[in-house]
Amino acid sequence: MGGCASKQKEQRYDDPEKQEPEASPSPSAEADADGAASSSVSPPPPPPPPPGAAVPTGAGSLPPPPPPPPSGGGGGPPPPPPPPNTAITRIQATFRGYAARKRMHLEQRQLEFLRCRIRLLVHRIRKRRRIDLSTATAVASLHGIDWSQAEKLQRSVSGRSSGVFFVAFPGNQVLIVKPDPEIAAAVLGATLAEFLGVRVPATRMVYTDEEEGQRICECLGALDESKPASEQLHLRMTLQDMPAVLLMEFVAGASLEDLAFSKTPEQRKAWCEAVFGGEDDLTEDGERRLREIGHILAYDALVHNYDRLPCLWDNEGNAGNLMFNKSGDPVAIDSLVSCFDPEVGKVAFKAYLGRVRELLETIADDPGSEHPRVMRIRNMLLKGRGTEADESYCPPMLYDIGEDGVVEIQAGLLECAERFDVLNLEVLSAMCAGPLAELEAKATKFKSLGFEKIRLEFLAAVSDIFRRKGVPDKKVLEAEVMEAKMKNKLPTYRVVPYGKNDRNMMIICGDVSETVYTPGQEVKPMLSQQWKAAALKSMTLKDAGLRDGQSKLFGVLQEIAARHGLTPSATLPA
């Protein structure tokens, strides 16, 4: 029965259409049920109003229900967070900062690594475009050059003004192009060096308005413009702005300054010993090379080039302008005429001629003794130039050529002086009239091209001293004394040489006194018998009672001697 009843009940719920209507309870039963329910269970709260409905505010309305309690159970606000632990916070901050710094350091190292890689790649690219001067050779000739075959262009790291440019051809053959703003002084300097037999790079001048000059400008301009913009030298504009350029022979080797900086102290001394020989045992080639340095010294004295050897000038020289080729032979580079106007600098000109005269005369009188000025070249090799704090510092070669080496340099100086025999003012004028005549026409007030450094009277005066090896010229003395005699109506005179090899001059004035002029020494008046008593008392000529004409003559002769670098004295020797 129970099973049948449950099935019937399930059937009623499963099929609502078949459910039977339930019997409604009686009113009395409902009342009894309501009373029982009210006494045991409170009525349920009214449902919340639907969203958007107006909340009743009447007297009979109920307040809104309180919010549900939190899920954690229990009512009231949430508990406050625990107080922070300052020690832990500081440790955490320290570790966070350490991690950030480590990350930043790693990023910097990665960035620096990338920069190094970029620099290495740029260096490799530039190296492919650079000329390997260590293996380069000179072109066969400075004439007939096929400029269309030029492959590379490179500017020198040093040099005057616009510097020099190395141009490489197939087979790593190199020549030098130099747009020199003082090209006239450079051309004459190269001509004089060739005339005196001084080893310098071969030089040729090309005018830029000629066909070959235009090919040079076009070729080098194209090579320059093929480089990146940051490496371009604007060479086309530089060349076109010059009336002429110099083509120079490339000399494979290194300057004395480059050798000093590129080698260790032991290597410097070993190089000097290979070139000159031992310090106490110079080789035959070493003696020859030292004499060639003497030739360079004579050339520098002629053209007043003070930027190489520290001898006649008060500077310490410039070892960068004394080059040695791969055979070890000295080569004079950057050689140009650097004279000044004798009329403007009369005092300086007289002092310079006096130094040249004293140097030559002293060496000619005693060539086997060291001259103090030539010893400065010895010190340049042994002690270098300046200190490490100086901008012009050059490390020492730590090699002493010794007294024998100085004597060889002096022998080279006298040897070169023999070549001055025909170098007079007429020859100097012919040298300038040839290659520089057309160039002088292109010089302007604002672009002198170095003509202001060419002073033929300066060169002729120095050449005259070399030709006579410091001895005053008898003809010059006679001419000046004759002029003074005619101007001042002085007594008779005559000039005669005397002494060893006739190296001194004696001016005999009348029959009373003879005045001896010795270069670099005092003038010694020699009196006849009637004045010997006064001479023994060391009396002056005026005190000795010379006549007015003789006293005046002596004063004039003093002025003449001073012009020739002599040091006359008006006091009679005891």
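The values are calculated or read from the model by the stated rules, or taken from the named source; none is laboratory data. Keep in mind that this is a model prediction, so the values were computed, not measured. Because the Cβ atoms are built from the backbone with ideal geometry, glycine has one as well, and the counts that use them run over all protein chains shown. Please note that ligands, DNA and RNA were not included when accessible areas were found on the heavy atoms of the full protein model with its side chains. Shrake-Rupley method; radii C 1.70, N 1.55, O 1.52, S 1.80 Å.
Contact map, region 235-249: residues that are more than 14 Å from Ile145 (Cβ to Cβ) paired with residues that are of a type in the set (Lys, Arg) and surrounded by fewer than 22 Cβ atoms within 10 Å (Cβ to Cβ), Cβ distance under 7 Å, separation 6+ or inter-chain. Pairs shown: Pro243/Lys442. Checked against (1) over 20 Å from Asp146 (Cβ atoms); (2) assigned to a helix (DSSP H, G or I); (3) open to solvent by 20 Å² or more (accessible area, probe 1.4 Å), Leu259 meets all criteria but (3).
Being in contact with a Pro (Cβ under 8 Å, 6 or more places away or on another chain), open to solvent by 30 Å² or more (accessible area, probe 1.4 Å) and under 21 Å from Glu358 (Cβ atoms) is the filter here; which residues of region 389-413 pass it? Passing the criteria: Val407, Ala411. Here Cys272 passes the criteria (1) farther than 30 Å from Leu142 by Cα; (2) surrounded by fewer than 16 Cβ atoms within 10 Å (Cβ to Cβ) except the one numbered (2).
Residues in region 162-183 that are part of a strand (DSSP E or B) and hydrophobic (A, V, I, L, M, F, W, C): Phe165, Phe166, Val167, Ala168, Phe169, Val174, Leu175, Ile176, Val177. Screening Glu426 with (1) open to solvent by less than 50 Å² (accessible area, probe 1.4 Å); (2) at pLDDT below 95; (3) under 26 Å from Leu192 (Cβ atoms); (4) not β-branched (Val, Ile, Thr) gives one miss only, at (1). Can you name every residue in region 297-317 that is over 18 Å from Arg455 (Cβ atoms), touching a helix residue (DSSP H, G or I) at 6+ places or on another chain (Cβ under 9 Å) and surrounded by fewer than 21 Cβ atoms within 10 Å (Cβ to Cβ)? Result: Pro310, Glu316. Evaluated against (1) modelled with pLDDT under 90; (2) touching an Asp or Glu at 6+ places or on another chain (Cβ under 9 Å); (3) not in a loop (DSSP other than H, G, I, E, B), Met237 falls short on exactly one condition, (2).
Each residue in region 340-374 was checked for being over 13 Å from Leu413 (Cα atoms), surrounded by 14 or more Cβ atoms within 10 Å (Cβ to Cβ) and aliphatic (A, V, I, L, M), and 1 pass.
Could you grab me the full set of residues in region 437-466 that are outside any helix (DSSP H, G or I) and closer than 19 Å to Val347 by Cβ? It would help to see each step written out before you state the result.
Restricting attention to region 437-466, the residues satisfying the condition of being outside any helix (DSSP H, G or I) are 443-450, 454-455.
Listed by number, the list holds a single entry, Arg455.
Among the residues of region 184-199, are any in a helix (DSSP H, G or I), in contact with an Asp or Glu (Cβ under 6 Å, 6 or more places away or on another chain) and touching a residue at least 12 places away in the same chain (Cβ under 8 Å)?
For region 184-199, residues in a helix (DSSP H, G or I), in contact with an Asp or Glu (Cβ under 6 Å, 6 or more places away or on another chain) and touching a residue at least 12 places away in the same chain (Cβ under 8 Å): present.
The selection criterion, being within 30 Å of Cys416 (Cβ to Cβ) and surrounded by fewer than 20 Cβ atoms within 10 Å (Cβ to Cβ), does not hold for Glu218.
Going by the structure shown, is Gln154 surrounded by 14 or more Cβ atoms within 10 Å (Cβ to Cβ), modelled with pLDDT of 80 or more, polar (S, T, N, Q) and within 24 Å of the chain's Cα centre (by Cα)? Steps first, answer last, please.
Numbers: surrounded by 14 or more Cβ atoms within 10 Å (Cβ to Cβ): yes; modelled with pLDDT of 80 or more: yes; polar (S, T, N, Q): yes; within 24 Å of the chain's Cα centre (by Cα): yes.
Spelling it out, Gln154 is indeed surrounded by 14 or more Cβ atoms within 10 Å (Cβ to Cβ), modelled with pLDDT of 80 or more, polar (S, T, N, Q) and within 24 Å of the chain's Cα centre (by Cα).
The single condition among (1) under 23 Å from Asp224 (Cβ atoms); (2) surrounded by 10 or more Cβ atoms within 10 Å (Cβ to Cβ); (3) at pLDDT 85 or above that Pro170 does not meet is (2).
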